[in-house]
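Trainee: I'd like to ask some things about the structure below.
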Amino acid sequence: MSEQSNLASSTAVQETILPNGLRVLIKQDSALPVVTVMLWYHTGSGNETSYSGGISHFLEHMLFKGTLAFPRGEIDRRTLSGGGENNAYTWLDNTAYYFNFASDRWEIALEIEADRMRNCLLESEEIEAERQVILEEWRTSQDDAEENLWEAVTAAALSQHPYRYPVLGSEQDIREMRSEDLRRYYQDWYTPNNATLVIVGDIQPEVALERVRHYFEPLKAGTLPLRMRIQEPQPQAEKRILLRKAEVTLPRLAVAWPAPGLTHPDYYPLTLLQYILAEGMSSLLYQELVEDRQVASDVDASGFETAQPYLFWILVDGLSAVPLEATEAALWEVLAKIQAGDWDPAHLLKARNQILTDFHLSQETTEDQAELLGELDSLADWRFMLDYVERIQAVQFQDITRVAKELLAPEKRTVGWLLPEDPEAALEESPEGAYSGSGGISERLHTRPQASRIQSFTQHELPKPHLWFPVLEAEKRVLPNGMTLLVHENRRIPTLSLEIFIPSGSLHDPLGQQGLANLTAAVLIKGTLQRPGLALHRYLESMGGSLSIVTGLSGTFLGLEILAEYLEPALLLLHEIMTSPAFAQIELEREKRLILTDLEAYEEQASYRASREFYRQVYGAFPAAWPETGLSETVSPLGLNDLQAFYRNWYGSQGATLALSGAVSATQALASLESIWSDWQMASGNFVVPTLPRLQTERKVRQIKLKGKEQCQVYLGHLGIARTHPDYAALQVLDLVLGAGPGFTSRLPARLREQEGLAYSTGSSITGSAGLYPGVFMAWMETRSEGVKPGIRAMFEEIDKLQQAGITQHELDQARTYLSGRLPFRFETNDQRVGFLLQREIYQWPENHLQQHWQHLEALTPEAVQSAACRHLHPEAMTLVVAGADARLKSWIKEFENHEG
């Protein structure tokens, strides 16, 4: 095969096809010293007709399990040592592997990918060990009722096409996967001529291409099997599915229709229809079903980029007090109006602007750009992006109406209902850890991998730390009313991010009114005196903007993303929201109903039940003991007077900070902000900091049994530190060593997942939750019931090793290199830059904070980290919460509490 090259000047993408067929896309983006390398194989779960189900996903796992050059675990270790990040994912048509590195050390990604393209060992011992991990992942998926509904509807909607099968495969597929099956699939499809390599970032394209040739040209092209293209028969009548699950508290509705693939002309109007239906609060379905008729709590519409025809989805979260028949009937009425052309054309203009904003945001980071290029090229051609916006803008009102009528016809749909099995008995709480029942099939069939998988590795010389400290210049003004304004100029893409921090969070909730701060914030953005109700969101979304508001313990963050050309109206709108909220009674009732519905739905989730109990035990009477959303019993009584009083007391200029980053003139934007915000008044409240929590002095155990769950969510820990603690740097290193490192490099994931196969998800952290007030130390895992006790013992053993033996100099050096290498990736997006500016102001960091923090890291010794571990980890006084399947802890709890377990 001859080598071909093409350069698209409009996007600066250099395309090269190597003689062995490997497609190489290189794009220089030197805004930051970072590089993303992604390798896309043009095969996924939709290409498994002649193979075992789930084989694409299983093989994805195995590509991290060793070659001769990179033994098991070495890829993650080399990534950690280089301060990088790696991961992979499998979907219907493709499987993608990616690395993010600082720009002085990205070449290792090419060496790894070229090696494992053809040299993966696929050893039987590793396959058996990874089988247990994938089974844990499968069990986790079975605990997700919405995913169960999705799979059931997909299987009913598609009768022949392999897209109908789950990406993970079935439990039987996973248990019966053989090494010869994996090897055949690997040899068939993991070849240069079935892959696209994408490199985006701070590189010289000619040099990058030379290194690609060096690593990949020696690989031989493969003979690709015939790719199956199965024509799915068009449905002639509606299909219906009913699924009942014991843990379900809220009804759900899922509807799927056959939809064209990426290259079909109707892809564009269908994409716009997706936005018109369910993107934003002023979208047609949200407005009708959630706001006006109040027959749903949330709604979503989803289309997918696929090589062959797949499905278009509408997903609706119902309400326990509303029959799902009524919700479904309302959905059909709205769709019928669209199909008849009875809808406002303004929704089309709004959708175009929303898509334009999202298109720009999809290229904000090197990883985003690499993902867009690689996905499109693996499905059709990367050039699809060149005229994407133009073709979206060309779609007309009649195109939307036609597509809605033709593609979303009643006879083509598959309708799925998800209902509670037994609402009265869905939840059982047992603080004493009562045991009942016999072991299930998963327990009887489980075989624990042998400890002989532990092996030693050569310690490679570490690269020098990547010492890059951004000069995040920002124009700053402190107004006479106490408000701080910050503007940072970043013209990389034509968008801007605005965020305002108000120091009024759940810490300010009166006792018995937990959730008041959150409810006040939610109603705040539901209309102003000038633009009541949905008029606010219609106005914002017509400019392609989006609004978000989040309440935390210490404050509330109101954020806005929009095209930079709408700077002035965006600034005025944010001021309008903050200074003249309508606080309409009808909006209060709507938001309260949605929050109460969410709280009801959360009860299905083991992670929510476990975390809520964990924080309650750790924080005691301190406000962090309660979720920011509050509890049903505290939110229900809240009235308009409560919200208005909270707003008067805590929403004001003093302590408020507004940060802006984007394609603007910093000087001009700051001048506009100053004129707009100078009249904001101070709030009237006088805050008294509540008594800070104390470390517990004994062990506590709580078990929450949830019917219908396959897995257990385990949280273990105690009170942690504030962000300003002098040991923060040492504890950052501790986190990386114990449980928060990339991949499976930390001790807990390496042991619980890689060596013992006990958990798919596990880790620990003490710095991750540190804020203005103390966070928590938490170790966690998700495992089957019989894995709980050995998993907890392993957690305690690893903590004990850390305190008794400390860490090695190599681990410390690795952690420092990793932290320095990750730093540039914290400043890629406008949103990230705004976040850092706010942090710098909230914590009163100096301009050279990043350099000072690096000096603290450089000064650390292994002994200092070990000493910090002894001071801040208290295994003798930890809270343990287990939620989900029955873990049979009754006879073990006393042992644990007496330090015997």
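The values are calculated or read from the model by the stated rules, or taken from the named source; none is laboratory data. The structure presented is a predicted model; accordingly, all values stated were derived computationally and were not measured. Note that each Cβ is placed from the backbone with ideal geometry, even for glycine, and that neighbours are counted across all protein chains shown. Note: areas computed on protein heavy atoms with side chains; ligands, DNA, RNA excluded. Shrake-Rupley method; radii C 1.70, N 1.55, O 1.52, S 1.80 Å.
Trainee: Is the shape of the chain best called rounded, prolate or oblate, per the rule: a/c under 1.5 gives rounded, else a/b larger than b/c gives prolate, else oblate, with a ≥ b ≥ c the square roots of the Cα gyration tensor eigenvalues?
Mentor: Working: a/c = 1.17, a/b = 1.05, b/c = 1.12.
Cα axes put the chain in the rounded bin.
Trainee: Where a Cα-Cα gap under 23 Å defines reach, which lysines qualify for Lys592, not counting those fewer than 8 residues away within the same chain?
Mentor: The reachable lysines, counting only those whose Cα sits under 23 Å from Lys592, are Lys526.
Trainee: Putting +1 on Lys and Arg Cβ atoms and -1 on Asp and Glu Cβ atoms, find which of Leu284, Thr43, Asn641 reaches farthest to the positive end of the dipole of the chain.
Mentor: Asn641
Trainee: Treating only the Cβ atoms of Lys and Arg (+1) and Asp and Glu (-1) as charged, compute the dipole magnitude of region 711-776 about its Cα centre; round to the nearest 20 debye.
Mentor: Dipole magnitude for region 711-776 comes out near 40 debye.
Trainee: Where in the chain lies the longest segment free of chymotrypsin sites (Phe, Trp or Tyr not before Pro) that are both loop residues by DSSP (not H, G, I, E, B) and have at most 14 other Cβ atoms within 10 Å? It would help to have the intermediate numbers written out before the result.
Mentor: Numbers: sites that count: Phe457, Phe687, Tyr843.
Longest gap between qualifying sites, sites excluded: 1-456.
Trainee: Based on DSSP, what percent of beta bridges with both residues in region 700-898 are antiparallel, to the nearest 5? Can you show the working numbers first?
Mentor: On the way: 20 of 26 bridges.
Close to 75 percent.
Trainee: Using θ = phi - 60° and the Karplus curve 6.51 cos²θ - 1.76 cosθ + 1.60, what whole-Hz ³J(HN,Hα) does each residue of region 81-93 get, with Gly and Pro shown as x?
Mentor: 4, x, x, x, 9, 9, 5, 7, 8, 10, 9, 5, 10
Trainee: What order do Val471, Val167, Val290, Val689 take when sorted by accessible area (1.4 Å probe), most exposed first? Show your work: numbers first, answer last.
Mentor: Working: Val471 115, Val167 30, Val290 0, Val689 80 Å².
Order by accessible area, largest first: Val471, Val689, Val167, Val290.
Trainee: Can you find, among Leu372, Trp257, Pro532, the residue sitting farthest towards the positive end of the charge dipole of the chain, where Lys and Arg contribute +1 and Asp and Glu -1 at Cβ?
Mentor: Leu372
Trainee: Can you give me the C-alpha center-to-center distance between region 813-884 and region 87-159, rounded to a whole angstrom?
Mentor: Cα centroid of region 813-884 versus Cα centroid of region 87-159: 29 Å apart.
Trainee: Working with all protein chains in place, sort Glu847, Glu600 by solvent-accessible area computed with a 1.4 Å probe, largest first.
Mentor: Working: Glu847 145, Glu600 60 Å².
Greatest to least solvent exposure: Glu847, Glu600.
Trainee: Distance between Cα centroids, region 540-619 to region 710-742: provide it in whole Å.
Mentor: If we compute the Cα centre of each part, the gap is 27 Å.
Trainee: Can I ask one more? Round to a whole number: what % of the accessible area of region 700-898 belongs to carbon and sulfur, probe 1.4 Å?
Mentor: Working: 2960 of 6470 Å².
Carbon and sulfur: 46 percent of the exposed surface of region 700-898.
Trainee: For region 474-678, give the percent of accessible area contributed by carbon and sulfur heavy atoms, probe 1.4 Å, rounded to a whole number.
Mentor: Numbers: 3640 of 6870 Å².
Percent of accessible area from carbon and sulfur atoms in region 474-678: 53.
Trainee: If I compute solvent accessible area with a 1.4 Å probe over the protein chains, what percent of it on region 263-410 is carbon and sulfur?
Mentor: On the way: 2650 of 5230 Å².
That fraction is 51 percent.
Trainee: Which residue, chosen from Ser665, Gly708, Val688, occupies the Cα position most advanced towards the positive end of the dipole of region 662-741, where the dipole is computed from +1 (Lys, Arg) and -1 (Asp, Glu) charges on Cβ about the Cα centre?
Mentor: Projecting each Cα onto the dipole axis, the largest value belongs to Gly708.
Trainee: When a/c is below 1.5 the answer is rounded, else prolate if a/b is larger than b/c, else oblate, so apply that to region 474-678 with a ≥ b ≥ c taken from the square roots of the Cα gyration tensor eigenvalues.
Mentor: prolate
Trainee: I'd like the distance between the alpha-carbon centres of region 660-705 and region 172-203, rounded to an integer number of Å.
Mentor: After rounding, the separation between the Cα centres reads 47 Å.
Trainee: Please calculate how many Å² of accessible area the chain carries per residue, with a 1.4 Å probe and no DNA, RNA or ligand atoms counted. Kindly include the intermediate steps, with their values, before the conclusion.
Mentor: Values: 34170 Å² over 901 residues.
Dividing the accessible area of the chain by its residue count gives 38 Å².
Trainee: Per residue of region 179-185, what does 6.51 cos²θ - 1.76 cosθ + 1.60 with θ = phi - 60° give for ³J(HN,Hα)? Whole Hz please, x for Gly and Pro, Karplus curve as stated.
Mentor: Running phi through 6.51 cos²θ - 1.76 cosθ + 1.60 with θ = phi - 60° gives 4, 5, 5, 4, 5, 5, 5 Hz.
Trainee: Something else about it: Taking the Cα centre of the chain as origin and charging only Cβ (+1 Lys, Arg; -1 Asp, Glu), how large is the dipole, in debye to the nearest 20? All intermediate terms of the calculation are to be shown ahead of the outcome.
Mentor: Numbers: 78 positive and 121 negative charges, 176 e Å.
Around 840 debye, computed over the chain.
Trainee: Still on this model: Rounded to the nearest 20 debye, what is the charge dipole size of region 329-422 about its Cα centre when +1 sits on each Lys and Arg Cβ and -1 on each Asp and Glu Cβ? Present the calculation step by step, with values, prior to reporting the outcome.
Mentor: On the way: 9 positive and 18 negative charges, 121 e Å.
I would put it at about 580 debye.
Trainee: Another question about this same structure. Restricting to the chain, what percent of DSSP beta bridges are antiparallel, rounded to 5? Each step should come with its number before you reach the end.
Mentor: Details: 99 of 124 bridges.
Around 80 percent antiparallel, to the nearest 5.
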